[in-house]
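First up is the structure itself, then whatever we jot down about it.
Please treat every number below as a calculation from the coordinates, not as lab data. Because the structure is predicted, anything quoted here is derived from the model rather than measured. In this analysis, Cβ positions are derived from the backbone assuming ideal geometry, glycine residues included, and neighbour counts consider all displayed protein chains.
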Amino acid sequence: MIAWAKIAGPRPLQIFASTYTTVLRGIPDLLVIYLFYFGSSIALTRLGGFFGTHGFIGAPAFVSASLAIGVVSSAYQAEVFRGAYRALNTGELMAARSVGMNTFLMFRRVVAPLTLRIAIPGLGNLWQIILKDSALVSVTGLMELLHQTSIAAGATYRPFDFYLTAMLLFLFITWVSSYAFVSIERHSMRGIRRQS
């Protein structure tokens with residue numbers, strides 16, 4: 001939706017989408033996680049006060065962290081999809097119009113499949129970034145892999161063993177997901193002649 005707003009939306013939506021992607025790609029992901037976690041906790045506390053509850057109400061760490069990473073990731077994904085759309089061959093779009101396809105049908109049968117095919121490598125890279133950013137969510141108190149590793153390393157005084165194991169786990173997840181994206185890309189390119 002953000003990519004669509006930047007490409008073909010009305011002027012106010014284009015401005016909003018451009019601001020959204022510029023701001024979220026320009027500030028550190030950790031700051032976004034802090035803003036989501038503490039901002040939603042403050043909002044919940046005030047909402048609770050409105051209903052007569054006293055004291056601090058903390059936002060669920062998993063929800064806050066997931067939303068923060070999702071919002072940041074969506075800004076990058078919008079740029080990947082926008083670039084993929086701009087890379088489409090205009091002849092294919094004109095051919096779809098010439099056979100009488102309406103906008104929705106053209107989007108469903110031509111634009112979306114071709115854009116997704118071009119976007120797959122960029123989306124694979126973003127997935128790898130999200131995997132690494134998942135380690136940042138430990139600042140909300142969420143127990144994820146790196147946080148658990150840090151606790152285990154401190155409790156056993158064997159940091160090298162545990163951090164090496166965490167590194168190998170991250171590398172394994174990265175390798176599996178890279179293989180999956182390469183397979184998806186290869187499958188999407190069936191019947192397409194690659195240009196040298």
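Per the listing Ser178, Ser150, the residue uniquely hydroxyl-bearing (Ser, Thr, Tyr) and farther than 30 Å from Ala3 by Cα is Ser150. Summed over segment 93-136, residues that are surrounded by fewer than 17 Cβ atoms within 10 Å (Cβ to Cβ), among the small types (Gly, Ala, Ser) and touching a Leu at 6+ places or on another chain (Cβ under 9 Å) total 1.
For segment 66-97, residues that are closer than 14 Å to Leu116 by Cβ and of a type in the set (Val, Ile, Thr) total 1. Determine whether segment 137-146 contains at least one residue that is out of contact with any strand residue (DSSP E or B) (no Cβ under 8 Å at 6 or more places or on another chain), polar (S, T, N, Q) and surrounded by fewer than 13 Cβ atoms within 10 Å (Cβ to Cβ). Checked segment 137-146: no residue is out of contact with any strand residue (DSSP E or B) (no Cβ under 8 Å at 6 or more places or on another chain), polar (S, T, N, Q) and surrounded by fewer than 13 Cβ atoms within 10 Å (Cβ to Cβ). Of the candidates Ser134, Ser183, the single residue that is among the polar types (S, T, N, Q), in a helix (DSSP H, G or I) and either under 17 Å from the mean Cα position of the chain (by Cα) or more than 28 Å from Phe81 (Cβ to Cβ) (or both) is Ser134.
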